[in-house]
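S.K.: Here it is: the structure, laid out below.
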Amino acid sequence: MCLNQGKKMNDFIPMSRPFIGEEEIQAAVAVLKSGWITTGPQCEAFEKKFTALTGAAHSGALSSGTAGMH
């Protein structure tokens, strides 16, 4: 079931508009082209930066909040 029921973006008020610039697009393309979708160097770099930012002993990137709760 499509939540927007075939409507175009300007036909409804989105919960929040994503702010995605060219830098983010190129970063996503680079990851897709690398073949490392769910793990790999970019994921590891993110985990390390997140750990440093939060002061936690460890961190792990997961696919969803539900996965985190499990």
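S.K.: Once you have the Cα-Cα distance between SER64 and SER16, take 0.36 nm times their residue separation minus that, and quote the gain in nm to one decimal.
M.R.: The span from SER64 to SER16 would gain 15.4 nm if fully extended.
S.K.: Among 55-63, 17-25, how do they line up by average Cβ neighbours within 10 Å per residue, starting with the highest?
M.R.: 55-63, 17-25
S.K.: Could you work out how much longer the chain between THR51 and GLU24 gets when fully extended? Use 0.36 nm per residue separation minus the Cα distance between them, nm to one decimal. Walk me through the numbers before you get to the answer.
M.R.: Values: separation 27, 0.36 × 27 = 9.72 nm, distance 2.12 nm.
Stretched out fully, the THR51 to GLU24 stretch lengthens by 7.6 nm.
Values quoted throughout were computed directly from the atomic coordinates according to the rules given, and no laboratory measurement underlies them. Note that this is a predicted model, so its numbers are computed, not measured. Don't worry about glycine lacking a Cβ; one is built from the backbone with ideal geometry, like all the others, and counts go over all protein chains shown.
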